[in-house]
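Asks: Supplied in C-alpha cells, the structure appears directly below.
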Amino acid sequence: MLANGAKEYLTALKGLEGRSFDMVLLAARGSSDNAALYARYMLEVFLQVPVCLAAPSVLTRYNRKVKYTNCLAIGISQSGAAPDVAEVLGSLRSEGHATLAITNTAGSRVTVEAEHSLLLNAGLEKSVAATKTYSASLLALYEVVRVLGADLPDPAALLPNDDWVDFTCEAAKRASGAVVRDSPVFSLGRGFGFSTAQEAALKLMECALIPCKAYSSADFEHGPKALAGHGSAAICFDGPKPDLAAQGCEIIEAPKPPSSHAGDIEGILNPLWDIFFGQWLALISARARGLNPDDPRHIQKVTQTL
C-alpha cells in the first residue's frame, strides 16, 4: 500500500512543485500532530525553511491572526473533520497563503478549506486509534518535502515489508511484559525519530491505558531522568541507554531496520519502520491487560475541538 501511495501522492502535489516559501505552518491534532513533528524536522533539515506547529486556539479562542509571510500552511487530519485545523487552513487561504490538506477522507471539511488536497487513500480504518493513516501521513509528508525541492531518494524501495511487520510483532511480544509491569514508562527518541516516540506513547495511553510519557532523549536529561530508576522502563527509538540501565531502568530498545534499508543512510525513513514496533507494543499490552485496543474508552474515532 505504501509504495503505491508514494506515486499517487507525488501526482496530487503537482500544484506545489517548484514553489518556494519563507516558512511552513503545520496544523494537526493527535497522531496527525506527531506526523507533523516528523515533517518539521524534514523541512528544516533538507529545505532550511523555518517551520512552526500551529496553536489553533490563537485563532479559534482568542480571535487573533498571526502575521505570516509567504507561508505554506499544511493541515493534517485523517478524518478531515477537525474544525480547528480547518479554521487555520481557511484563515491562511483567505490571506493569500498556499494551503494543503492531507486527509484520508475525500470531500471532508479540510479539503474544502484548502487550495490543494492530498488524499491518503489508506482505506477504511475501523479502529479508533490511527495506525495505517499515521504511516500514510508520514509518507505523504516525505513526498511533500521532495516536491518542494529536497534531494531525497525515491522511497518505493526503502519501505517496510511484511517480514518487518512480523519481526516487530515478535519483538513487541518479548518487550510487552516490561511495559505492562513497570511504572513509569517513558518513550524516547530524537530528530526524525522523536515523532515515533510521541506516537508510541500516545498509542500505549489510548489503547493499553498505560501512562507513558514521551521525551526527546536530550530533554530527558534535563530532569525527567531522575525518575528512571528501579521499576521504570524506557522504550528507546534512538539506540541503547546504558546510563539509564545503570540507574535500574529497564531498557526496551526498538528493533533496527534491516541492512536492505541501508540506502537511507541518514535514517530519514526510519519512522515508517519504527512505528510498527510501537503499534504492536500498544496492541499486545492492551490485550495482556484484558482491553480491546480497537475500542479504547472515553474517546471516539473523530475528535472535534476548537
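Quick note: the coordinates plus some simple rules give every number you see, no bench work behind them. For clarity, every value in this text was computed on a predicted model and none was experimentally measured. So basically every Cβ, Gly included, is an ideal-geometry build from the backbone, and we count neighbours across all protein chains shown.
Asks: So who's got an amide H within less than 5 Å of the one on Glu253, skipping anything under 5 residues away but keeping other chains? H placed 1.01 Å off N, in plane.
Replies: Cys236
Asks: Here's something else I'd like to know. Based on the mean of other beta carbon atoms within 10 Å per residue, what is the order of 201-212, 124-135, most packed first? Provide the component values of the computation, followed by the final result.
Replies: Details: 201-212: 22.3, 124-135: 19.3.
Most protected by this proxy first, the peptides run 201-212, 124-135.
Asks: So what is the calculated 222 nm ellipticity per residue for the chain, using -39500 (n - 2.57) for each DSSP H run with n of 4 or more, over all residues, to the nearest 500 deg cm²/dmol?
Replies: Numbers: 11 runs with 128 residues, N = 306.
Calculated from helices alone, the mean residue ellipticity at 222 nm is -13000 deg cm²/dmol.
Asks: Same structure again: From zero up to wherever the largest Cα-Cα distance of region 73-208 sits, split into 10 Å bins and tell me the percent of pairs in each.
Replies: For region 73-208, the pair-distance distribution reads 10, 31, 35, 18, 5, 0.
Asks: Give me, ordered by chain and number, the residues 5 or more places off Gly149 or on other chains with an amide H under 5 Å from its own placed amide H.
Replies: The list, which skips near neighbours in sequence, is empty: none.
Asks: Identify which of Asn63, Asn292, Asn270 has the largest mean-square fluctuation in a Gaussian network model of the chain, with springs joining Cα atoms closer than 10 Å.
Replies: For the chain, modelled as a Gaussian network with Cα springs under 10 Å, the answer is Asn63.
Asks: Across region 161-303, how many lysine pairs separated by 8 or more positions, or lying on different chains, have Cα atoms within less than 14 Å?
Replies: Numbers: Lys203/Lys213; Lys203/Lys301; Lys213/Lys225; Lys225/Lys241.
Taking region 161-303 as the scope, the lysine pair count is 4.
Asks: Under the rule a/c < 1.5 gives rounded, and otherwise a/b versus b/c splits prolate from oblate, where does region 151-295 land using the Cα gyration tensor?
Replies: Oblate, because a/c is 1.5 or more while a/b does not exceed b/c.
Asks: Still on this structure: Whole Å is fine, so just give me how far the alpha carbon centre of region 9-44 lies from that of region 214-262.
Replies: If you average the Cα positions of each part, the centres end up 28 Å apart.
Asks: Compute the long axis of helix 162-181 from its Cα atoms, compare it with the longest principal axis of the Cα atoms of the chain, and write down the angle in degrees, 0 to 90, nearest 10.
Replies: Relative to the chain, helix 162-181 is tipped by roughly 60 degrees.
Asks: Given a 10 angstrom Cα cut-off, can you work out which residue in Ala246, Ala55, Ala106 is the most mobile in a GNM of the chain?
Replies: Highest fluctuation among the options: Ala246.
Asks: To the nearest 10 degrees, how steeply does helix 30-46 sit against the main Cα axis of the chain, on a 0 to 90 scale?
Replies: 70
Asks: Compute the Cα gyration tensor for region 3-161, then decide on rounded, prolate or oblate, letting a ≥ b ≥ c be the square roots of its eigenvalues: rounded whenever a/c is under 1.5, prolate when a/b is larger than b/c in the other cases, and oblate in all that remain.
Replies: oblate
Asks: How tilted is helix 132-147 with respect to the longest principal axis of the chain? Cα atoms for both, answer in degrees (0 to 90, nearest 10).
Replies: In the chain, helix 132-147 runs at an angle near 50 degrees to the longest axis.
Asks: Would you mind checking which residues have amide H under 5 Å from Gly75's amide H? H placed 1.01 Å from N; only 5 or more apart, or other chain.
Replies: So Gly75 has HN proximity to Ala27, Leu100, Ala101, Ile102.
Asks: Sort 226-232, 281-287 by the packing proxy (mean of other Cβ within 10 Å over each peptide's residues), most packed first.
Replies: 281-287, 226-232
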